[in-house]
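Working notes, beginning with the structure itself.
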Amino acid sequence: MKWGHFRENSGIWHKPYVKTISGPPKLQNLPLSDAAIKLLRGLPNFDTRKSDDLVFPNAEGGGLDNWQRITGAVHRVSDTSDWHRHDLRSTAATIMKLLGVSPRVIDEILAHNASNKDEGSSTALENYLATTHLLEHVVDPQKVALDTLAEALEHIEYGQHEGRDLASHGSASC
């Protein structure tokens with residue numbers, strides 16, 4: 001991710017290139033959770049960022065590499081083992097499903113090539129729905145889902161936080 005891909009005013013991560021299993025790469029505009037936006041704004045390179053700079057660079061400013069070493073370090077620090085980065089996507093999807101997020105919204109977040117036919121609607125409807133982000137007063141269901149996921153992860157990490165209990169919020173209606 002480059003800083004130029006972070007649309008700070010709208011809280012969107014513009015991904016110009018997302019790999020797909022079948023078909024050509026596509027782009028994705030993913031609404032970020034408030035927690036993710038706060039994390040980005042708190043990074044040491046935030047105030048000096050340039051559009052082409054990487055958000056999470058290596059020590060020399062280039063892309064992250066040597067994933068085996070990094071994963072090993074995370075395993076040691078977290079006292080875990082036998083998982084890979086991709087497992088985090090699966091875990092996030094599982095938690096969102098348990099929180100009541102619709103499979104369609106989860107597919108959109110993960111940039112899967114799912115169609116509205118899964119929910120009994122047409123391809124034409126999908127084209128009409130593509131412009132719903134233009135309605136400023138409507139909160140994107142992906143953002144709602146990701147905010148709910150961030151809250152759940154905070155609950156997992158810290159337990160009941162500031163008198164809030166995740167169960168009292170109900171499930172995400174996405």
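The values are calculated or read from the model by the stated rules, or taken from the named source; none is laboratory data. Values in this document were obtained by computation on a predicted structure and should not be read as measured data. Using ideal geometry, Cβ is built from the backbone for each residue, glycine included, and neighbour counts are taken over all protein chains shown. Heavy atoms of the whole protein, side chains included, go into the accessibility calculation; ligands, DNA and RNA do not. Shrake-Rupley method; radii C 1.70, N 1.55, O 1.52, S 1.80 Å.
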### Query
Per the Debye formula with a single identical scatterer at each Cα and no solvent contribution, what log10 I(q)/I(0) holds for the range 1-62 at q = 0.12, 0.28 Å⁻¹?
-0.33, -1.22
### Message
Give me the extension gain from Phe46 to Asn9: residue separation times 0.36 nm, minus the current Cα-Cα distance, reported in nm with one decimal.
### Response
11.9 nm
### Summary
So, over other residues within a Cβ distance under 9 Å of Asn29, counting Lys, Arg +1 and Asp, Glu -1, the net charge is +2
### Cβ charges +1 (Lys, Arg) and -1 (Asp, Glu), total dipole of the range 1-80, debye
220 debye
### Task
Quickly rank 95-101, 145-151 as a protection proxy: mean count of other C-beta atoms within 10 Å, highest first.
145-151, 95-101
### Task
Sort 64-73, 4-13, 102-111, 37-46 for me by packing, meaning the mean count of neighbouring Cβ atoms within 10 Å per residue, highest on top.
102-111, 4-13, 37-46, 64-73
### Query
On the accessible surface of the range 25-92, probed at 1.4 Å, how many percent belong to carbon and sulfur atoms?
55 percent
### Query
Could you state the per residue volume, in Å³, of the convex hull enclosing the Cα atoms of the range 38-102?
153 Å³
